[in-house]
Amino acid sequence: MLALLQIELFKIFRRPRTYISFAAIAAMVLIVQVALKADGVSYLEFLMGGMKDSIEIPYKLVLNGYLVCFIILNLLLIHVPLLVALVAGDSIAGEANMGTLRLLLTRPVSRTRFMLIKFTACVIYTVMLLIWMALLSLVLSIWLFGTNDMIITRNDVVEQIQRSDILWRYIAAFAYAAVALTTVAALAFLLSIFAENSIGPIVSTISIVIVFTILSEMQIPIYDQTIKPFLFTSHMLAWKGFFYSKSNGEGEAIAGSIENLPAIMKSMSVLLTYIFLFVGSAVVIFNRKDILT
Amino acid sequence: MSAIVQVKSLSKSFGSLKAVQDLSFSVERSDIYGFLGQNGAGKSTTIRMLLTLIRPSGGEIELFGLNLKTHRREILQQVGAVIERPDLYKYLSGIENLSLFAKMNQVDFSRKRMMEQLELVGLADRAESRVKTYSQGMKQRLGIAVALVHDPQLIILDEPTNGLDPQGIADMRNLIMHLCHHMDKTVIVSSHLLSEIEQIATRMIIIDHGSKVVEGRVDELVDPAKTVVELETTDSEKTRNYLTSSPWQKVVTGFDEQKVLLQMHREQIPALNYDLVQQGIGVLSLQTKNSLENYFLHVTAGKQHVGTFAN
Amino acid sequence: MLKITITIFLSLSAFAIRAQDASALIQKVKAKIESVRDYQAEGVMKTNVPFLKVPQSDVTIYFRYPDKLKIKNDKGISLVPKGAVSISLGNLMNNKQFTAIPSGEDKINGLGVTVIKLLPKDENGEIVLSTLYVDEARLLILKARTTTRDNGTYELEMIYGRFAAYALPDKAIFTFNTKEYKLPKGVTFDYDDGTTKKKDVNPATANKGKLEITYTNYIINKGLKDSVFL
């Protein structure tokens, strides 16, 4: 199994297009960092404009590496799933397009094992992409902007997290983001088995993510009460929940706490269910599929 | 003789289209087994079913005495295949492609062994080049190397000469003969190039519309006494007049404005040539038409299902 | 008629006497407050504002008489309400600008206090009215409620202990008005965990913020650089 996984990873990382994703993330992160370094205060004034009449805001202290990382992650919500779909959507369709699928499936490896190894390789790629993003968005931001307490602006509340209480939250958030992106990878992987060209699964995956995200973010009761809780995009944002602290009822944030951990765990279980469903369906369908390419 | 491949009542439908119907055949050890049929006859579908790329709708397949459904892994360890145009990873080199598949088959993928395999197919000097720089013939040879990398007992080649030039076709033919006669492999070759099959195959099957038309030994189907000869001369009328008034009239089967068709023993051809020259008739071309081709066209056009000749 | 006139005269006289008492009391309180020209204090700051969820923080408070106040957090960020400068009593106390009006007595935490209202002589100034609750015996202001023209009413409550002699509290609680805070969800992309948040509809506490500082140490009248107030 390990040897087969090594082969898949070798194929992924020998392909030039794989590095487009890493370069794209680097470009996006650096663009945001440069912009914030040049004029991050204006952006903060926009975000915190609602409270500047009541509160003295030390913008230069607020604009630190931890907040910059948070801003970057917020902005890259739609973009990183696209990059994940780029490889996952290509995993089976790309082989079919190249004509190598039939060569692979005449090896003494069961189709189930083949699919699981393919998906595992996609997950490893996704995790590496996330680690790369973490290094750039967190480590580089800290180097450029320093560290301090983190102030995050929610819809109706502004939260402050002390600097000593931040890093573990980022580790948890990135771990959650890995699950969220794996869900997108699983969807792209499932769609990949139906196509002989990777463009179809990639575009389909992104379209689904965009439409579901719109449905998740719109505040329309008919959607809120029916389909929204079941959309996987509604649960992809739960990584932010690690930055929401509990309050002691007097407006004081409790250090080391998470406002609603059960909700985050529930969201994670929804995502894991989707991963299981997508991958399981892909394996079952692929096992019965006639390979005509 | 033991059958390496035993297919019984195999069928495959794609919706309402019956691609393969009640097909049965067997391939013996050390055979070069020709798999013939027109385009769309069901050859590729059958071969893909042998390789588990397509699920049969019915019937049974046994390879090496094992049921393909239940012993897929063991069976495929002993099977190598080139299916249509062998597409490999263009962004990898020849040796990287070969190593990759060797690793998948859990065989020695050391550089030394890989170079030996590439030497076998004449690609050693292009081992480090990316496949996207290979010609079609080189890709075909690399495909063969990939099919052989795990030293399989059975090799299945689906249209292996597609896109090859005459030299490439000759090389492929020689390679197949080498595999069978010197490496004791069993080879199934699917092709629509009857002339090639006629030269190398020991046994063959002709299928049409997914059903078997005939199966048997090639030497029994291809009778040298029934060689079709196509003759073109400098004076068609004089040739016609001579042939129809001479003992050669027994072997004349047809005329058109330019050519005469005869069916005769191959060994009579020099004598015919000599007589024509003696009559002052210049021979422009004297071509032997594939009697297998003739047989093939006859059975598939007439849809005669002759059955299986004695093995 | 004479009786009524005498009654009115005596009432006005009593009032005048009480007003002079109030003014004198304010002067004494002010003198005590003014004995501290500057201080640097360590403290713990707690913020309770409807739209803020912040941890308590260790802060350093710098004060220079009459109205320079700076709250700093060297280890992190402190979100200090605007108008926190009013935590200093100095600029409330200069009765050249105010008229002191006695307003009876009250109790704060069981302690009897004298209530004095300060009316600004400048009718166009920011401050409209200040009400001071003074512990006459110790010459300490236990509570000050100030109504401003543009920023509503804020309240400052002081609890004294070790530094009462300097009129410096162990704890100061500053209550002020806040505006509602809202950012569009399309900007924040918050995680919706499915719970509905309860909105505070109690008029006493809705749109009101509280800043509480517990002082642990004072360095008094040792001088302060101008740079600490930047």
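Some notes on this structure:
- With bins 10 Å wide beginning at 0, the percent of Cα pairs of the stretch B:115-176 falling in each bin runs 22, 56, 22, 0.
- Normalised by the number of residues in chain B, the average gap of Cα pairs under 8 Å and 6 or more apart makes the relative contact order 20 percent.
- Shown here are the Rg and Dmax of the Cα trace of the protein assembly as shown, at 45.7, 176 Å.
- Translational diffusion of chain B was estimated from the Stokes-Einstein equation, with Rh taken as the Kirkwood radius over Cα pairs; at 25 °C and 0.890 mPa s the coefficient is 114 µm²/s.
- Amide H partners (placed H, <5 Å) of C:Val49, local residues excluded: C:Lys210
- Among the chymotrypsin sites (Phe, Trp or Tyr not before Pro) within the stretch A:213-293, not one is in coil by DSSP while having at most 13 neighbouring Cβ atoms inside 10 Å.
- For the stretch B:49-196, DSSP calls about 25 percent of its internal beta bridges antiparallel.
- Mean separation of Cα pairs under 8 Å and 6 or more residues apart, divided by the residue count, gives chain A a relative contact order of 23 percent.
- Neighbour-count ranking [beta-carbon atoms within 10 angstrom, fewest first] of C:Thr147, A:Thr153, B:Thr70: B:Thr70, C:Thr147, A:Thr153
- Label-point separation, B:Thr253 to A:Val284 (7 Å along Cα→Cβ), nm: 5.8 nm
- Qualifying GluC sites (Glu not before Pro) in the stretch B:231-287, where qualification requires a DSSP coil assignment and no more than 15 other C-beta atoms within 10 Å, comprise B:Glu257.
- Rounded to the nearest angstrom and listed largest first, the equivalent-ellipsoid semi-axes of chain A from its Cα gyration tensor are 39, 21, 16.
- Whole-number D in µm²/s for the stretch B:1-60 (Stokes-Einstein; Kirkwood sum over Cα pairs; 4 °C, 1.567 mPa s): 107 µm²/s
- Size of electric dipole in the protein assembly as shown: Cβ of Lys, Arg +1 and of Asp, Glu -1, about Cα centre, debye, nearest 20: 2680 debye
- Distance between the pseudo-spin-label points of C:Thr5 and A:Leu144 (7 Å out from Cα toward the beta carbon): 8.7 nm.
- Lys/Arg +1, Asp/Glu -1 at C-beta; the stretch A:38-149 dipole; positive extreme among A:Ser54, A:Leu138, A:Ala121: A:Ala121
- Relative frequency of Cα-Cα separations exceeding 21 Å in the stretch B:153-254, percent: 53 percent
- Seen against the Cα atoms of chain A and their longest principal axis, helix A:79-88 is set at about 20 degrees.
- Whole-angstrom gap from the stretch A:185-240 to the stretch C:92-150, using each part's C-alpha centre: 62 Å
- Net charge of neighbours whose Cβ lies under 14 Å from the Cβ of A:Arg169, counting Lys and Arg as +1 and Asp and Glu as -1: -1
- In loop segments of the stretch B:125-218 as defined by DSSP, the GluC sites (Glu not before Pro) with at most 10 further C-beta atoms inside 10 Å of their C-beta are B:Glu128.
- Solvent-free Debye scattering, log10 I(q)/I(0), computed from the Cα coordinates of the stretch B:6-146 at q = 0.12, 0.16, 0.18 Å⁻¹: -0.61, -0.95, -1.07
- Short to long, the 5 Å bins of the Cα pair-distance histogram for the stretch C:112-199 hold 3, 11, 15, 15, 12, 10, 9, 8, 7, 7, 3, 0 percent of all pairs.
- Here the contact order of the stretch B:92-191, divided by its residue count and restricted to Cα pairs under 8 Å and six or more residues apart, works out to 27 percent.
- Spin-label pair A:Ala26/A:Asn197, simplified geometry with 7 Å Cα→Cβ offset, distance in nm: 3.1 nm
- Crossing angle, helix A:2-14 versus chain A [Cα axis fit, 0-90 degrees, rounded to tens]: 70 degrees
- Other-chain or far-sequence residues with amide H under 5 Å of A:Val158's (modelled H): C:Leu52, C:Lys53
- In order along the stretch B:2-19, the Karplus-derived 3J(HN,Hα) couplings, from 6.51 cos²θ - 1.76 cosθ + 1.60 at θ = phi - 60°, round to 9, 7, 6, 10, 10, 10, 10, 6, 6, 9, 8, 10, 10, x, 8, 7, 8, 7 Hz, and Gly and Pro are given as x.
- The tail of the calculated P(r) for the stretch A:15-101 beyond 19 Å holds 55 percent of all Cα-Cα pairs.
Only the coordinates and a few stated rules stand behind these numbers; no lab work does. None of these values were measured; they are calculated from a predicted model. When we count neighbours, we look across all protein chains shown, and the Cβ atoms used for this are built from the backbone with ideal geometry, even at glycine.
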